[in-house]
Amino acid sequence: MRHARPRLPTIIERSDLESPRKRRIGQVISLIAWMIWIYLFTPLIALVGWATGVQLFEQHILDDPLGTLKTVQIYAGVIAIAGLVFISWAGYNWFRFHNVERRRAPPPVDTRQLAKHFGITPEEAETIEHDRVVTVHFNEDAGIIEISPGPVHTRPAYHSD
């Protein structure tokens, strides 16, 4: 019989480690993004409403084609200005930084620092560093509980007698 062990989630989300301010900012950004996403569907909603007999489409689009054309022109102008600003900013940054490398590599980390960070002994960190294959076992909180050299040896799921 196979030993069942808990599966770690694909994305580890620990909102309890965030400050309340950072959590609130994330919630506000998420709310704004959802509102924008829903707003993008308003033309489709209006079209469905028109198809089902709601008079908004006819009232705002078909009865006032010049107003609709003016609105489309305003949207096109805003998009053109935003695109021009974006391209100008990209060109400015390219001109200013295209031959400049300001990024630096992070300082090297020694084995003791790695061991301390992951809560393991320096000997276990050296095992991880030098062996080609290492098996690392985790607890439910994604903490390292055991390190053993070599691959995982598991029994086959099906045994034939």
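Read-outs throughout are calculated quantities, based only on the coordinates presented, and are distinct from any laboratory measurement. Predicted model, so just to flag it, every value in this text is computed and none were measured. Note: ideal-geometry Cβ built from the backbone for every residue, glycine included; neighbour counts use all protein chains shown.
Quick notes
- Residue within region 106-129 that is assigned to a helix (DSSP H, G or I), at negative phi and surrounded by fewer than 10 Cβ atoms within 10 Å (Cβ to Cβ) present: no
- Tally of residues being of a type in the set (Phe, Trp, Tyr) and free of Cβ contacts under 8 Å to residues at least 12 places away in the same chain across region 97-125: 1
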